[in-house]
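Worksheet for the structure shown next.
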Amino acid sequence: MSSKDKNFTGSIPDVYDEYLVPLIFEPYAADIAKRVAKTNPKDVLETAAGSGVVTRALAPLLNESTRYVVTDLNQPMLDRAANQQPHSNQIEWQQADALQLPFEAGSFDVVCCQFGVMFFPDKIAGYREALRVLKEDGYFIFNVWDRIEQNEFAQSVTATASRFFPDDPPVFLARTPHGHGNITAIVNDLGEAGFSHVDTFTISERSRASSSMVPALAYCQGTPLRNELEERAAGLLDEITEAAAAEIEKSFGVGSISGRIQGHVFVAKA
């Protein structure tokens, strides 16, 4: 993973939340929220919260007395999440690195993380840190994307962008969001980190958009793929976005479209 894969700055948080969240994240956020709420937690920590899609889904499901701490490495993403969230006295917003959490051991009943562990530079260290802050018999509930071939719009955008730079293809999407979906490897890493039991679930959904430009904008300008594109040729960002939209339209049709998305959910017990 490139060190810049974690840079969700500039206009990326706004584009991410407006286009990418409804495109691919909302059904998985609802799933995570239900799994967390089912445990009836008193204290919940969310790491790598991004622009707050899980927070918006989970907060209404929690008991009013539940403490809910929401964190992200990127302050701009956390600011976007806080601004989008209906006011709630139970939510605490705090910038934090999931690999160095500023909380005492045994502080939370549940740690949840939606599509964030792929960005951990040291996955096992991140799992150990989640385990450290969990109470006895607590749960670490998170998900990851499956490989890019199972996520059609992301694959199409990557192929289009790579044609512009054949000698140095921008493969952020394949490398990081879709580069860590091996279920067996993740379960083994969780065991090495100290978790006693892990349940896994594979969830297939449809990514729906009103036009081909929506996924093109979402991926090209609402993720760190944008950083890669602008590093190679800043003036081509809009052209690449339009080319990606054209290719998606060619493959998936005109007007409202849908494509396959797939992810894996892990429920690890402390």
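The values are calculated or read from the model by the stated rules, or taken from the named source; none is laboratory data. Note that the coordinates shown come from a computational prediction; the quantities given were computed from them, not determined experimentally. When we count neighbours, we look across all protein chains shown, and the Cβ atoms used for this are built from the backbone with ideal geometry, even at glycine. The area values use the complete protein model at the heavy-atom level, side chains included, leaving out ligands, DNA and RNA. Shrake-Rupley method; radii C 1.70, N 1.55, O 1.52, S 1.80 Å.
For a 18 Å ceiling on Cα separation, which of these pairs sit above it: Lys38/Lys123; Lys135/Lys269; Lys42/Lys135; Lys42/Lys123? If you can, show how the numbers build up before the last one.
Numbers: Lys38/Lys123 26 Å; Lys135/Lys269 10 Å; Lys42/Lys135 11 Å; Lys42/Lys123 26 Å.
Among Lys38/Lys123; Lys135/Lys269; Lys42/Lys135; Lys42/Lys123, the Cα-Cα distance tops 18 Å for Lys38/Lys123; Lys42/Lys123.
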Open item on the list: For Glu230, Glu26, Glu247, give me the order by solvent-accessible area with a 1.4 Å probe, most accessible first, ignoring ligands, DNA and RNA.
Closed with: Glu26, Glu230, Glu247
Open item on the list: I'd like the accessible area for Asp137: 1.4 Å probe, protein heavy atoms, all chains in place, Å² to the nearest 10.
Closed with: 80 Å²
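Using a probe radius of 1.4 Å on heavy atoms only, what accessible surface per residue do you get for the range 48-150? Whole Å² is fine.
Working: 4290 Å² over 103 residues.
Value returned for the range 48-150: 42 Å² of accessible area per residue.
Given the DSSP H assignment, sum -39500 (n - 2.57) over each helix run of at least 4 residues in the chain and divide by its residue total; what's the result at 222 nm in deg cm²/dmol, nearest 500?
Values: 11 runs with 106 residues, N = 270.
That comes out to -11500 deg cm²/dmol.
For the range 159-270, what is the accessible area per residue in Å², given a 1.4 Å probe and the full set of protein chains? Walk me through the numbers before you get to the answer.
Details: 4940 Å² over 112 residues.
About 44 Å² of surface per residue is accessible.
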Open item on the list: Sort Val265, Val214 by heavy-atom solvent-accessible area, probe 1.4 angstrom, most to least.
Closed with: Val214, Val265
- [ ] Any chance you could look up the accessible area of Glu239 with a 1.4 Å probe, heavy atoms only, rounded to 10 Å²?
- [x] 100 Å²
TODO: Heavy atoms only, probe 1.4 angstrom, no DNA, RNA or ligands counted: give me Ser256, Ser156, Ser251 ranked by accessible area, highest first.
DONE: Ser256, Ser251, Ser156
- [ ] Quick one: pull the percent of accessible area on the range 117-231 belonging to carbon and sulfur, 1.4 Å probe, ligands and nucleic acids left out.
- [x] 48 percent
TODO: Among Gly50, Gly194, Gly222, determine the one that fluctuates most according to a GNM of the chain built with springs between C-alpha atoms less than 10 Å apart.
DONE: Gly194
Open item on the list: I want the local charge near Ile257. Using Cβ-Cβ distances under 14 Å, sum +1 for each Lys or Arg and -1 for each Asp or Glu among the other residues.
Closed with: +1
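Excluding Asn89 itself, what net charge comes from residues whose Cβ is under 14 Å from its Cβ, given Lys and Arg +1 and Asp and Glu -1?
Values: positive: Arg67; negative: Glu64, Glu92.
Counting the neighbours of Asn89, the net charge comes to -1.
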Task: Accessible-area value, Glu242, 1.4 Å probe, nucleic acids and ligands omitted, Å² - done: 110 Å²
TODO: Can you check what the net charge comes to around Glu247, using other residues whose Cβ is under 13 Å from the Cβ of Glu247 (Lys, Arg +1; Asp, Glu -1)?
DONE: -2
